Amino acid sequence: MQNNTAKIERPANQATFSKTAYFLLDKGIAIIGVVLLFVIMSIVSKDFLTVDNLLNVSRQAAVLCIMAVAMTFIIITGGIDLSAGSQIAVAGVVVASLLAAGVPLPLAILLTILSGAVIGLFIGGIISTQKIPPFIVTLAMMTILSGVAFVITQGSPIVVTDPAFRFLGRGYIGPIPVPIILLIVVSILGYMLLSHTKFGRSVYAIGDNEEAARLCGINVKRVKMGVYVLGSSIIAFAGVLLASRLSTGSPNAGTGSELDAIAAVVLGGTNLFGGEGKITGTLMGVAIISILNNGLNLLNVSSYHQLIIKGAVILLAVWLNSLKEKRAA
Amino acid sequence: MSEPRLQLNDITKDFSGVKALKGVSLTLMPGSVHGLVGENGAGKSTLIKILTGAYEKTSGEILYEGTTIEAMSPKKAKDLGIHCIYQELNIANHLSIAENIFLGEQPTKMFGMIDWKKMNEEALAVLQSLKIDLNPKKLAGELSIAQKQMIEIARAISQKANVLIMDEPTSSLSERETEVLLTLVNELKNKGVSIIYVSHRMNEIFQICDTVTILRDGTYIKTLPIDEIEDTHDLVQLMVNRKLEDFFGKVEVPQGETVLEVKNMTKHGLLEGISFSVKSGEILGVAGLVGSGRTEIAEAIFGIAPPDEGDMLIENKKVNISSPKDAISNGIGFVTENRKETGLVLKRSVMENISLANLPFVSGRFFISPKKEKEVSSLYKQKLNIKTSTLEQKISNLSGGNQQKAILARWMIRQPKVLLLDEPCRGVDVGAKADIYAQIIEMAKQGTAILMISSEIDEIVGMSDRVLVMHEGKISGEVEKEDINPDTILNLAFGGTVNAK
């Protein structure tokens, strides 16, 4: 509902010239980025625009996308979660250990998500009651949780042989890979929650002006905690998915992926200071990062150069977003 | 008689066409204390900012010891020895007293290293010359507000201040601390420093000033030697004196039962023994100077800063409110003083801002109903005449008046039993003001008990059925309808007394 209205509703004084430019800046950066990348990749690489490759891109994007949905909620409250990557590792080794210990698959997944919720409760609890900046809390948690993952596994990956477990990350329903279905389901749920519920509205309000939210009767602490619990639960699920794809619970899995998730959220136009952002934008951000990764691989660009290009793209997008902010001010 | 140190002739200041100061003249002699008085918004701050070079004068003349100063800048002012002690103190808490005194001007030795010995010695000398008994090595953070203020004064003196402007220096000091400060001011005067003393406390003006200049609505009223003013009442007369326009559209509303009753509410250091009640349909004005505890009353009632002592009754039932959430569920609404900081979610739409306190009304068990939300907000958009192209417009694109209306709409939708309004028309244009007043009266008609805090005396006089006047955390008077007039209220606000019943 917010998507289709904002483009028309510009103040009258920002007339003609800026109307188009504004629309592009406001809505378009991510979309244009995706389209542009898509077209360029289709031209320069004949392998890109094939059904197999596109399904492959989406399948690989699933973990990042689910993480980014969680991160969108967190960043809109004005927070951040730098420990998301470590949480992926913990979830992976937890689910693998549980399965290795003979816990039935559905219960193992449920318990893993629950363990994510507990981590989120801890992080959210510290942030909302002790007023320590999320950046610091989750920076510390990144190290702690990484340590936890190594302790659980004693440093070596736990291999899962159960074929049913591999279905999540590698299976198909009809012609469609399961991770893509999960990606879509999580995105839709995230979108509904953020855009159409009281909880979602409170998340925006807190990120924009915490005091105003409190004075409107919103329980700021509870909503913030809720966001971290929700976020870490979703991230734990992403960790299960990754472990399933790799058939392994590895303490090294997911390392650094929090930065990709944050980049995707920011590329999607979410304000790093909170109060603004959309799941649809985040999906665009994920698409940009995933297509870029895939395309550069297809073009045989060395992974060293890939890092430079990815960083440059993020910088460019954030710069364009800041132009938008200035225009709005 | 010696030459004046500083002379202002016919100073005028325009802010994009709006005259903030008109024809202000002031002569400051060496070794004298010159009082500067006027209501909030009379132009005192603007004048100070022109003197310190923060603002540029539009026209007029500034003479320093007989020489015309063409362009005053902060640097120029400092070079001339014009210093200002602002209400918000400029003290680095983690540095020592000596470091604070010499902030930015530390004596150095080889390689630009700070000469600690020299700095501490000189700091001690300055403190002693002002008869301030403090160890310069002590951390500034350990000092009381009054002591910090003295450090600022010591800093000014160490930088050879000839003219010291003090902007409400005693507003946050206790009586005893005030005495100490006033002694210090006298000390400075004897040293030949010229002081411009801004204060709302009339007894201080009488105690230490030699002359007083009165400003009203940016206009220069007059300058008088203190002996020619009889008493506080006289001075306040000079500061107020004006006619009210009636654009409030005040209508008598029949009053019902008592809705809100506050008994002996106390918040240590801020509020003391506050008791009052408001009836259904009544508009109770709360007047008083900035810092007199007006806003604190609303914050205590709304659970933002719950009181230490006292009871609160709503419709004769005792309520316990410890958070805004409690207050809202007890039927209280609060339009805060500063809409950008505590009212609006600026990055969001007009509609989201309106519905922020009303999510339960426009939602089912889990999902917000877009239809209901739109219906309710459109209704109130029309009702309050909120000028916006659509409800999805970002609220930051609206004018102050329309933003304020959106916040009012937010609380009107709830149909609160009690509505707290803190400066409901601050920064609002005249047209929107009339709309807002009309809605406040409309709410009173519907039976809401309204508590309206305001520093605009016209607003208080024009809108209130009864007025509480605050002075230094206490209710200094309760004025009934027939006695409401600017004189009475300001007298009470300035700590004077009124021969009321």
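The values are calculated or read from the model by the stated rules, or taken from the named source; none is laboratory data. Owing to the predicted nature of the structure, the values given are computational and were not obtained by experimental measurement. So basically every Cβ, Gly included, is an ideal-geometry build from the backbone, and we count neighbours across all protein chains shown.
Laid out as a table, the results:
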read-out: Filter result for the condition that a residue is assigned to a helix (DSSP H, G or I) and either more than 8 Å from every other protein chain (Cβ to nearest Cβ) or in contact (Cβ under 8 Å) with a residue 60 or more places away in the chain (or both), over B:Ser322, B:Ser378; value: B:Ser378
read-out: Failed item, numbered, when A:Ile158 is tested on (1) within 14 Å of another protein chain (Cβ to nearest Cβ); (2) farther than 16 Å from B:Ser323 by Cβ; value: (1)
read-out: Failed criterion for B:Gly401 (all others in (1) within 14 Å of chain A (Cβ to nearest Cβ); (2) under 23 Å from the mean Cα position of the chain (by Cα) hold); value: (1)
read-out: Some residue of the range B:40-60 being in a strand (DSSP E or B) and buried (at least 19 other Cβ atoms within 10 Å of the Cβ); value: no
read-out: Test: residue in the range B:405-414 that is at pLDDT below 90, within 14 Å of chain A (Cβ to nearest Cβ) and under 24 Å from A:Gly217 (Cβ atoms); value: no
read-out: Conditions (1) within 14 Å of another protein chain (Cβ to nearest Cβ); (2) at pLDDT below 95; (3) surrounded by fewer than 19 Cβ atoms within 10 Å (Cβ to Cβ): number failed by A:Gly277; value: (3)
read-out: Of all residues making up the range A:32-51, the number that are farther than 28 Å from A:Asn321 by Cα and of a type in the set (Ser, Thr, Tyr); value: 2
read-out: Residue in the range B:418-439 that is surrounded by 19 or more Cβ atoms within 10 Å (Cβ to Cβ), within 13 Å of chain A (Cβ to nearest Cβ) and either at pLDDT below 95 or not in a loop (DSSP other than H, G, I, E, B) (or both) present; value: yes
read-out: Search result, residues across the range B:325-339 that are farther than 12 Å from B:Ala406 by Cα, more than 7 Å from chain A (Cβ to nearest Cβ) and in contact with a helix residue (DSSP H, G or I) (Cβ under 8 Å, 6 or more places away or on another chain); value: B:Ala327, B:Ile332, B:Gly333, B:Glu337
read-out: Per-region count, the range B:364-374, residues more than 7 Å from chain A (Cβ to nearest Cβ) and surrounded by 18 or more Cβ atoms within 10 Å (Cβ to Cβ); value: 1
read-out: Single residue of B:Phe334, B:Phe361 found to be among the aromatic types (Phe, Trp, Tyr) and either outside any helix (DSSP H, G or I) or buried (at least 16 other Cβ atoms within 10 Å of the Cβ) (or both); value: B:Phe334
read-out: Set B:Gly269, B:Gly281, B:Gly303: member being in a loop (DSSP other than H, G, I, E, B), within 14 Å of chain A (Cβ to nearest Cβ) and modelled with pLDDT of 85 or more; value: B:Gly303
read-out: Residue selected from the range A:194-239 under the condition among the β-branched types (Val, Ile, Thr) and part of a helix (DSSP H, G or I), by the criterion farthest from the other protein chains (Cβ to nearest Cβ); value: A:Ile235
read-out: Residue that is farthest from the chain's Cα centre (by Cα), among those in the range B:209-225 that are assigned to a strand (DSSP E or B) and charged (D, E, K, R); value: B:Lys222
read-out: Filter result (β-branched (Val, Ile, Thr) and touching a strand residue (DSSP E or B) at 6+ places or on another chain (Cβ under 8 Å)) within the range B:98-122; value: B:Thr108, B:Ile114
read-out: Filter result for B:Asp308 (acidic (Asp, Glu) and within 14 Å of chain A (Cβ to nearest Cβ)); value: no
read-out: Some residue of the range A:299-313 being buried (at least 22 other Cβ atoms within 10 Å of the Cβ), touching a residue at least 60 places away in the same chain (Cβ under 8 Å) and not charged (D, E, K, R); value: no
read-out: Residues (over 19 Å from B:Lys13 (Cα atoms) and in contact with a strand residue (DSSP E or B) (Cβ under 8 Å, 6 or more places away or on another chain)) located in the range B:205-222; value: B:Ile205, B:Ile208, B:Cys209, B:Asp210, B:Thr211, B:Val212
read-out: Test for B:Ile297: is it more than 9 Å from chain A (Cβ to nearest Cβ), in contact with a helix residue (DSSP H, G or I) (Cβ under 9 Å, 6 or more places away or on another chain), more than 17 Å from A:Arg214 (Cβ to Cβ) and in a helix (DSSP H, G or I); value: no
read-out: One residue from B:Ala146, B:Ala77, B:Ala125 being under 30 Å from B:Met29 (Cβ atoms), in a helix (DSSP H, G or I) and in contact with a strand residue (DSSP E or B) (Cβ under 9 Å, 6 or more places away or on another chain); value: B:Ala77
read-out: Every residue from the range B:135-147 that is modelled with pLDDT of 90 or more and either buried (at least 17 other Cβ atoms within 10 Å of the Cβ) or of a type in the set (A, V, I, L, M, F, W, C) (or both); value: B:Pro136, B:Leu139, B:Ala140
read-out: Criterion violated by A:Tyr172 - all others in (1) crowded, with 22+ Cβ neighbours inside 10 Å; (2) more than 20 Å from the chain's Cα centre (by Cα) satisfied; value: (1)
read-out: Qualifying residue in the range B:348-358 (condition: touching a strand residue (DSSP E or B) at 6+ places or on another chain (Cβ under 9 Å) and more than 9 Å from every other protein chain (Cβ to nearest Cβ)); value: yes
read-out: Some residue of the range A:261-269 being within 14 Å of chain B (Cβ to nearest Cβ) and either touching a Lys or Arg at 6+ places or on another chain (Cβ under 7 Å) or surrounded by 24 or more Cβ atoms within 10 Å (Cβ to Cβ) (or both); value: yes
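For every residue, the table says whether it meets (1) crowded, with 24+ Cβ neighbours inside 10 Å; (2) without any contact (Cβ under 8 Å) to a residue 12 or more places away in the chain; (3) under 30 Å from B:Ile328 (Cα atoms).
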{"site": "A:Gly217", "(1), (2), (3)": "no, yes, yes"}
{"site": "A:Lys224", "(1), (2), (3)": "yes, no, yes"}
{"site": "A:Ser233", "(1), (2), (3)": "no, no, no"}
{"site": "A:Leu241", "(1), (2), (3)": "yes, no, no"}
